[in-house]
Every structure is written in structure tokens, then in C-alpha cells.
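The values are calculated or read from the model by the stated rules, or taken from the named source; none is laboratory data. All figures in this text were calculated on a predicted structure; none of them were measured in a lab. We place every Cβ from the backbone using ideal geometry, glycine too, and count neighbours over all the protein chains shown.
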Amino acid sequence: MDRESKVRQHINKDGFGIEIGPSHHPIAPKKNGYRVHIIDHMSREQLISKYRDHGVSLDNIEEVDFVWHGERYSELTGKTGFYDWIIASHVIEHTPDFIAFLNDCDTILKDDGVISLVVPDKRYCFDHYRPVTGLSRIIDSRLRGEKIHTPGTVAEYYLNVVSNAGSIGWDANSGGEYDLVHSLDEALQFMNEVQNEKKYVDVHAWCFVPHSFRLIIHDLFSLGLIPIREVAFYPTVGCEFYITLGRNGRGIDKSRLEMLEIIESEIKNEAIGPETPETPVARSESLIKRLTRRFS
């Protein structure tokens, strides 16, 4: 299965959906017959202006139905229990409140609706040297009702982000040299902006290997913090993995201890199964631009 097929496997094309932040690379484009509303942080005109000199196809930028300014999706769209599906590619790692994002999505979905996520694997992107996110930070951010990233999150990001052979996304076969992307001065500047001006600085708040993400979803459901479970999972190709969630999901098929052992193997970069015989998407120009779109 190619990338789009994995993301769209549990999506009913005849249903009505939402795509969050597709920018110049929608996965379920209106022009291909999908009945979809677009949520983005800018209007189409603003996105075209932003990407005009980035060498991307501006024709792929679709009309934005809802420009998001931080409100709940039910307030933004004026709907609850309405949509059949939501697609969010490289979005959830940016959210200050991981749990609130998932519950916000669930609120506007029908009971049998699904959320299809594409998530960066921190081993093969600029988050490489950052720690894997644990459950505690995710729960604490919900209890505090975080609206912006914390000064500590911003400092950690700017001090540790790297490139590999000049690229910010790569695959398991890459052997290039790592280089730090940002300076100490940048870390101090943005940390102080958050602390002193309460400014939103857009960074990856959360870093995952595939099974750490799967286990967090399992634990959040088990603790009653989200109403959705895993419907489907596809392992990493290039620098990203794929997971679909929904109220009718059956969850993981392994014990917590088995999951923890797999996570440990992933962090050590040990092989846990056969390689997927697909061309690594992280080498494509379009994926690199999707990864960087929020920092341009």
C-alpha cells in the first residue's frame, strides 16, 4: 500500500470529512471528489502568498473552509457528531495539549467516525536526539489546559534539533553526519518570548517512536482520558508512521510489557520485523516541505 492508501484505508469517500492543515499537499483533495472541509491556520490566499517562492504547486492549495485561531473544532465548524472522518498529517506533534486535540476531533465525528494520523518517527527526523515523550507530560498538559508550548519544551527543541546530511527527514538506511540546526541564542530568544510574552512558538512538543505512540493511545483510553482506540496501524516508512483511531477501534493486540519491550528495541534502533519494500517517502521533496511548512 502506498502512503495515501494507508491514510485513506478506513475513510468512506462518500462520507463527509475534515482535513487539518493539508497546506499544499492534501491527502483527500476536493478536486478528486472528496467531500471535505479544510481547516488551516491561514486562508488559501495567505497560504499561496506563503508558499509562492517555495517551489511547490500552488494549485494544490485548496480553499480553506475554516481558518483556525485556537478555538475548539466544534465551535469553529458549528458542528458536533457530524463528520465521518478526519485526516491530520504531521499535526498532532505540534499540539500543546495532545489529549484536548484528540477529544476535540472526536467531538465533531460521528460515533463510527475515524481520525487518520500521519506521525513523524523521531528516529528519522530532526527530533532524532530528543527524548521520547512519556505519558506524564501528556496528562499534565491536559490538566494545566496548555494553550501554548512551555518554555522548557521550546528550549529543548531549539537546543537539540538536528539535520542528517543536510536533510531534516531521512530513512533507516541513511548514514549521513548529524548537525545541530539552531543556536543557543535562538533557544534563549524563543524561550524568553514564551516565558515573558506568552507567545505561541510552533515546535514539535511530542516525540514518538511508533509503539510509544500506540501505547500512549492505549493508556489514555484505559485511563478514561480519551474515548478512542486504535483502528489500524502501519509501521514507519521513511520518517513517518500511520495510525487510525476511532470509538470502534479494538486497540492494540499486545500486552503493555510486550509494547514496552518493542519500544525499547525501537529506541535502540533494533530491527523488529521485515523492512517495508517501499520507496522511502522521507527522501521526497514534498515530504520535507510538509515537515518544514510550519517553520517557514
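Summary of values
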item	result
Residues located in the stretch 183-213, provided they are more than 23 Å from V119 (Cα to Cα) and not hydrophobic (A, V, I, L, M, F, W, C)	S183, D185, E186, Q189, N192, E193, Q195, N196, E197, K198, K199
The stretch 199-239: number of residues that are over 26 Å from Y157 (Cβ atoms), hydrophobic (A, V, I, L, M, F, W, C) and part of a loop (DSSP other than H, G, I, E, B)	2
Residue satisfying all of: in the stretch 63-73; over 13 Å from Q46 (Cβ atoms) and surrounded by 15 or more Cβ atoms within 10 Å (Cβ to Cβ); nearest to the chain's Cα centre (by Cα) among these	Y73
Qualifying residues in the stretch 17-36 (those that are in contact with a Phe, Trp or Tyr (Cβ under 7 Å, 6 or more places away or on another chain) and buried (at least 22 other Cβ atoms within 10 Å of the Cβ)) - the one nearest to N60 (Cα to Cα)	A28
Options Y178, Y158: the member that is among the aromatic types (F, W, Y), farther than 24 Å from G238 by Cβ and either surrounded by 15 or more Cβ atoms within 10 Å (Cβ to Cβ) or in contact with a Ser or Thr (Cβ under 9 Å, 6 or more places away or on another chain) (or both)	Y158
Test for G70: is it under 30 Å from N196 (Cα atoms) and modelled with pLDDT under 95	yes
Matching residues, the stretch 105-137, being among the β-branched types (V, I, T), assigned to a strand (DSSP E or B) and closer than 14 Å to S212 by Cα	V119
Selection count, the stretch 138-155, where residues are surrounded by 17 or more Cβ atoms within 10 Å (Cβ to Cβ), in a helix (DSSP H, G or I) and either without any contact (Cβ under 8 Å) to a residue 40 or more places away in the chain or of a type in the set (D, E) (or both)	1
Some residue of the stretch 44-55 being part of a loop (DSSP other than H, G, I, E, B), under 26 Å from L102 (Cα atoms) and free of Cβ contacts under 8 Å to residues at least 40 places away in the same chain	no
Test: residue in the stretch 70-84 that is part of a helix (DSSP H, G or I), touching a residue at least 24 places away in the same chain (Cβ under 8 Å) and of a type in the set (K, R)	no
Flag if I263 is within 16 Å of V118 (Cα to Cα), at pLDDT 95 or above, β-branched (V, I, T) and out of contact with any Gly (no Cβ under 7 Å at 6 or more places or on another chain)	no
Subset of the stretch 202-250 [more than 18 Å from M1 (Cα to Cα) and aliphatic (A, V, I, L, M)]	V203, A205, V209, L215, I216, I217, L220, L223, L225, I226, I228, L245
Candidate set from the stretch 183-213 (those that are in contact with a helix residue (DSSP H, G or I) (Cβ under 7 Å, 6 or more places away or on another chain) and of a type in the set (D, E, K, R)); member that is nearest to N248 (Cα to Cα)	D202
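Residues are listed down the side, and each one gets a yes or a no for (1) out of contact with any strand residue (DSSP E or B) (no Cβ under 8 Å at 6 or more places or on another chain); (2) among the aliphatic types (A, V, I, L, M):
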position	(1), (2)
L47	no, yes
Y51	yes, no
S57	yes, no
I61	yes, yes
L76	no, yes
I87	no, yes
T95	yes, no
D106	no, no
K110	no, no
